[in-house]
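Report on one structure; see the data block that follows.
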Amino acid sequence: MKKTTRNRLTAYCFLLPNLLGFLVFTLLPVFTALGLSFMRWDSYSPIKYVGLRNFATMFRDSSFIIAFWNTLYFTGLTVPLTVIFALLLALALNKGFRSIKIIRAIHFFPHVASLIAVAVVWQFLYHPDMGPINHFLRAIGIATPPRWTASATWAMPAVIIMTVWKSAGYYMTMFLAGLQAIPDHLYEVATIDGASPWQKFRYVTLPLLTPTLFFVLTMNLIYSFKVFDQIHIMTQGGPGRATSVLVYYIYVQAFVNQNFGYASAMATTFFLIILGFTILQFRLQERWVTYLN
């Protein structure tokens, strides 16, 4: 056996476990869900083909429509707030002073912590009567602070605040990598030309950071659309349907109501929505992303 062939077989052997895992746990469930979206099945009765009836039901289902708009609400606030907060952290920590690595690690720690544990802790912090947040608000003179996750108005903002806090440190590291990849001589030239700190950020830092910004926006958009854990732990989609998002509603239909066909149809539609947003982002990147040659 030739050395090239032996090396190729060795590489395939290393790739095989991951490939099998992808086929069994990702690709097969995707095609199964696609097939079930045209069926009616409750895991007890025989599977029945219903055509496009599940998809038609979605547009008459008020809970699905509310979950769709709640998902857009969550994503529309979480993505810009996370990007702005992470970028500000990266700019502040892109320095060389003592203990900078420790400070960066502290800000990155929320991302490493278990999301379930974090959600439970924030649920206690948000407690309307005994939570430290409302104790602090009362101490500074706010007599009737928000009831947070117990309020239909404040439940979604409460989840958004927790999500931004948890995610910002992760995206901060990406922005730090992007900032440190910008050549120093560009700042030196800008200084010689008399540019102010804001002008350096506006005309040097921000344009050359757009590839990193594009990646962060794409990943954060997909993550925000798929939000589930913090909703399930903190609000269970309530109060009422105030925080019911698409993934949580799909979960309820599939594993609570045993309506697997309808849930699969929603999951297929949800996949197409995310795919559409992602394609749109890639199409628009040519207009604003600057790559350093």
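The values are calculated or read from the model by the stated rules, or taken from the named source; none is laboratory data. On a predicted model such as this, the values are computed, not experimentally measured, just so you know. Every residue, glycine among them, receives a Cβ derived from its backbone with ideal geometry; neighbour counts consider all protein chains shown.
Highlighted here are the helices (runs of 4 or more DSSP H) found entirely within region 1-99 that include at least 2 residues which are among the hydrophobic types (A, V, I, L, M, F, W, C), out of contact with any Leu (no Cβ under 6 Å at 6 or more places or on another chain) and more than 27 Å from GLY237 (Cα to Cα): 3-22, 28-36, 62-93.
Scanning region 212-221 finds no residues that are on the phi > 0 side of the Ramachandran plot and either among the aromatic types (Phe, Trp, Tyr) or in contact (Cβ under 8 Å) with a residue 60 or more places away in the chain (or both). Scanning region 148-166 for residues that are out of contact with any Ser or Thr (no Cβ under 7 Å at 6 or more places or on another chain) and either more than 15 Å from ASP129 (Cβ to Cβ) or crowded, with 24+ Cβ neighbours inside 10 Å (or both) yields TRP148, ALA152, THR153, PRO157, ILE161, MET162, TRP165, LYS166.
When each of ILE233, ILE273 is tested for being modelled with pLDDT under 95 and either of a type in the set (Phe, Trp, Tyr) or under 24 Å from LYS166 (Cα atoms) (or both), the lone residue that passes is ILE233.
Within region 166-219, the only residue that satisfies the criterion of being basic (Lys, Arg) and out of contact with any helix residue (DSSP H, G or I) (no Cβ under 7 Å at 6 or more places or on another chain) is ARG202. Of everything listed in (1) small (Gly, Ala, Ser); (2) modelled with pLDDT under 90; (3) at positive phi, the single unmet condition for ALA105 is (3). Is it the case, given these coordinates, that PHE271 is buried (at least 19 other Cβ atoms within 10 Å of the Cβ) and either under 21 Å from THR173 (Cα atoms) or within 16 Å of the chain's Cα centre (by Cα) (or both)? No: the conditions fail for PHE271. Among residues of region 13-37 that are of a type outside the set (A, V, I, L, M, F, W, C), those with a beta-carbon under 6 Å from a residue that is in a helix (DSSP H, G or I) and modelled with pLDDT of 90 or more at least six positions away or on a different chain give the pairs SER37/ASN54; SER37/SER264; SER37/ALA265; SER37/THR268.
Against the conditions (1) surrounded by fewer than 16 Cβ atoms within 10 Å (Cβ to Cβ); (2) within 26 Å of THR243 (Cα to Cα); (3) of a type outside the set (Phe, Trp, Tyr), LEU88 satisfies every one except (2).
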